[in-house]
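Please treat every number below as a calculation from the coordinates, not as lab data. Only a predicted model underlies this, so the values are computations on that prediction, with no experimental measurement involved. Heads up, the Cβs are rebuilt from the backbone with ideal geometry, glycines too, and the neighbour counts pull from every protein chain shown.
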Amino acid sequence: MKLAERADRIKPSPTLAITAKANAMRAEGIDVISFGAGEPDFDTPDYIKEAAVAAIHEGFTKYTPASGTDELKQAVVEKLLNDNGLSYEKADICVSCGAKHSLYNLAQVLFEKGDEVIVPAPYWVSYPAIVLLADAVPVIVDTKEENGFKMTPAELEEAVTDRTRGVIINSPSNPTGAAYTRDDLREIGEIVKKHKLAVISDDIYEKIIYDGVSFVTMAQLDDELKACSFVVNGVSKAYSMTGWRIGYAAGPRQVIAAVSKLQSQNTSNPASISQKAALAALQGDQAPTEIMVKEFHKRRDVIVDALNGMPGVKCRKPEGAFYVFPNVSGLYGMAGEDHRVSDSASLTSYLLDVARVAVIPGADFGNDNHIRLSYATSMENIEQGLKRIKEAIGALRPA
Ligand SMILES: *Cc1c(COP(=O)(O)O)cnc(C)c1O
């Protein structure tokens, strides 16, 4: 049957492909250590689960308003005020089926054919796809490792044309873990104002940040930036709730109303039970998040040190999220065990076959000199996996 052109415009998620191959090897009895996870390895805290169970028993199992319940929107309003100093009202909030859904819906109502949207690389794999599905063009801006993988104001200015409508900022970043400072954002904000761009700020890793770095989002900087910015966040990463599918967008009311209208004609409301759980997460004990972040911090330090001890590998210490993005281009041109390593994909397949370790090629995130390792896995797996990687890399010889 003929497919719409739209269906061919995008590719399936590459991270899922690696995970599928690693799972197939496991099914054959091969013990594979995966650094591929895009979600915390912690369980959803009990008080959150209990809120969901209570919602089921109370019969809170029917449609809610399409853009989310009033009580959850109010909790989001309070979260944005208390954590971020941002003042919104319920009408400025739309609760969606995950932050990804918020990003998708925003792109659908903001962008159209002929529009350009700036996506700094390395980027989260879904951004270009989300822009393409809105019929717009993702304009990739390559950031530099020596700038900490942060887009500079000059790089942004250079990429802007008279068709540029928006820019996507993700801090801390997946895949690099890089976090923008207030000063970084202030400088970028000047270019945003000059060209009247919309800013979509994906703040999903807000809570996963280390070394006393403070999280900042564009809308906090001044009223003019708040008026053109969309804060996208959710409970997936901060509360280990990826499967519950609750995210939200906050921003200029007229756009949020359009997002809510769109949502009312496709998904309708996010699951009523998940909304009760997200409410508990936002209002409840934040200690489980702190414990998780402490553990991620320890793992980050172990993984960064170990990678920097490997010949041909250089790893920047990320400020947040749960990924490292080492530069492995020093290994390109080497070979071992019937594998020639010439780019991030060939290194990834060498590591999977020889080290029995799954990582994600940087090419999927728009930078072929790197690979991504997630440390959302146990310390034991991390130590064992790094040992295997070190051995496999040590066995490479100039081709
Ligand atoms: C995990 C992730 C999301 C998705 O969040 P959901 O709320 O689960 O949809 C969004 N952005 C980035 C950068 C992510 O890594």
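Tabulated values for the structure
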{"read-out": "Residues located in segment 77-113, provided they are within 30 Å of V137 (Cβ to Cβ) and of a type in the set (D, E)", "value": "D92, E112"}
{"read-out": "Yes/no for A154 being part of a helix (DSSP H, G or I) and within 15 Å of the ligand (Cβ to nearest atom)", "value": "no"}
{"read-out": "Residue list for segment 190-206, filter: in contact with a helix residue (DSSP H, G or I) (Cβ under 8 Å, 6 or more places away or on another chain), among the acidic types (D, E) and within 16 Å of the ligand (Cβ to nearest atom)", "value": "D202, E206"}
{"read-out": "Filtered residues of segment 260-284 (kept if more than 14 Å from the ligand (Cβ to nearest atom), part of a loop (DSSP other than H, G, I, E, B) and closer than 21 Å to D43 by Cβ)", "value": "G284"}
{"read-out": "Test: I209 is more than 13 Å from the ligand (Cβ to nearest atom), β-branched (V, I, T) and touching a residue at least 24 places away in the same chain (Cβ under 8 Å)", "value": "yes"}
{"read-out": "Count of residues meeting criterion [surrounded by fewer than 22 Cβ atoms within 10 Å (Cβ to Cβ), under 23 Å from A376 (Cβ atoms) and among the charged types (D, E, K, R)] in segment 207-237", "value": "2"}
{"read-out": "Filter result (over 18 Å from L106 (Cβ atoms) and in contact with a strand residue (DSSP E or B) (Cβ under 7 Å, 6 or more places away or on another chain)) within segment 214-255", "value": "F215"}
{"read-out": "Search result, residues across segment 294-305 that are surrounded by fewer than 18 Cβ atoms within 10 Å (Cβ to Cβ) and among the aliphatic types (A, V, I, L, M)", "value": "V302"}
{"read-out": "E145 being over 21 Å from the mean Cα position of the chain (by Cα), on the phi < 0 side of the Ramachandran plot and away from the ligand (no atom under 15 Å from the Cβ)", "value": "no"}
{"read-out": "Test result for G85, small (G, A, S) and surrounded by fewer than 24 Cβ atoms within 10 Å (Cβ to Cβ)", "value": "yes"}
{"read-out": "Odd one out for S260 among (1) touching a Cys at 6+ places or on another chain (Cβ under 9 Å); (2) exposed (fewer than 15 other Cβ atoms within 10 Å of the Cβ); (3) polar (S, T, N, Q)", "value": "(2)"}
{"read-out": "Criterion: crowded, with 19+ Cβ neighbours inside 10 Å and away from the ligand (no atom under 15 Å from the Cβ) - qualifying residue of K100, K73", "value": "K73"}
{"read-out": "Of all residues in segment 207-259 being over 21 Å from the mean Cα position of the chain (by Cα) and assigned to a loop (DSSP other than H, G, I, E, B), the one that is nearest to A281 (Cα to Cα)", "value": "P252"}
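Conditions tested, residue by residue: (1) among the β-branched types (V, I, T); (2) within 16 Å of the ligand (Cβ to nearest atom); (3) over 18 Å from I256 (Cα atoms).
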position: Y47; (1), (2), (3): no, no, yes
position: A55; (1), (2), (3): no, no, yes
position: T64; (1), (2), (3): yes, no, no
position: T69; (1), (2), (3): yes, no, no
position: N84; (1), (2), (3): no, no, yes
position: D92; (1), (2), (3): no, no, no
